[in-house]
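Each value in this text was obtained by applying a stated rule to the coordinates, not by laboratory testing. Treat the numbers as computed from the prediction; the structure is a model and nothing was measured. Cβ atoms come from the backbone with ideal geometry, glycine included; neighbour counts cover every protein chain shown.
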Amino acid sequence: METQLTTLGLQLPTDPRWVNLAEIDLAEILTDHAYCEQKAATSCISLIQAYPERIEMVEALAPIVTEEWGHFRMVLTELKKRTLALGRQRKDEYVNALLAFQKKGGSRDTLLLERLLTCALIEARSCERFRLLSLHCADEALRDWYHKFMVAEASHYRLFLDLAELYFPTDQVRARWKEYLIYEAEVMHHMTPRGDRMH
């Protein structure tokens, strides 16, 4: 776990009780997972729409949109296989807390950096959580299933950071990324573990 956190940059591990809570009602955690994948695809589309002149980003994110939407469909298939229904989308307190940390009122470029780092952090935490499920979920089939998502989220996390460093000075990116990591650890520290949320 320590190696995984170091690789992702995360400062605080997920509360170990979370996996057990998530297994109590699979319909709930799978529903939240589905909407997380949907929102990930939407975020990439939004970035493409907002910055069409950033050709490298557009070309990098276009296939991610397809991949994330494919993940959404994978979760729907898993729900159907288990005769579970997709529930309603719920408020994402974790993501909303990260959005509140974004610098407001800056230039269009400043906002791009904030958005890329926010996306990177969400992917990093998702990767960490999928890893936990792939290792500790009681259902062996789900362990293998979640491992696929873990691998994908790790590559997405790295992509968003690479894009940030493509468009902004490395020192600037690393300084702001460190601030995000410290803030995210505080958010995680004060959030009560919930089995019906991926974050």
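Listing for the model above:
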item	result
Test: residue in region 110-133 that is loosely packed, with under 14 Cβ neighbours inside 10 Å, out of contact with any His (no Cβ under 7 Å at 6 or more places or on another chain) and either farther than 16 Å from residue 43 by Cβ or of a type in the set (Gly, Ala, Ser) (or both)	no
Residues satisfying the stated conditions in region 51-69, i.e. more than 15 Å from the chain's Cα centre (by Cα) and of a type in the set (D, E, K, R)	53, 54, 56, 59
Qualifying residue in region 115-128 (condition: over 17 Å from residue 22 (Cβ atoms) and hydroxyl-bearing (Ser, Thr, Tyr))	yes
Those helices (runs of 4 or more DSSP H) lying entirely in region 1-109 with at least 1 residues closer than 24 Å to residue 173 by Cα and of a type in the set (Ser, Thr, Tyr)	2-8, 26-50, 93-101
Check on residue 142, part of a helix (DSSP H, G or I) and farther than 21 Å from residue 24 by Cβ	no
Number of positions in region 129-165 that are within 27 Å of residue 178 (Cα to Cα), touching a residue at least 24 places away in the same chain (Cβ under 8 Å) and of a type outside the set (D, E, K, R)	12
Test: residue in region 122-131 that is among the polar types (S, T, N, Q), closer than 24 Å to residue 50 by Cβ and more than 14 Å from the chain's Cα centre (by Cα)	no
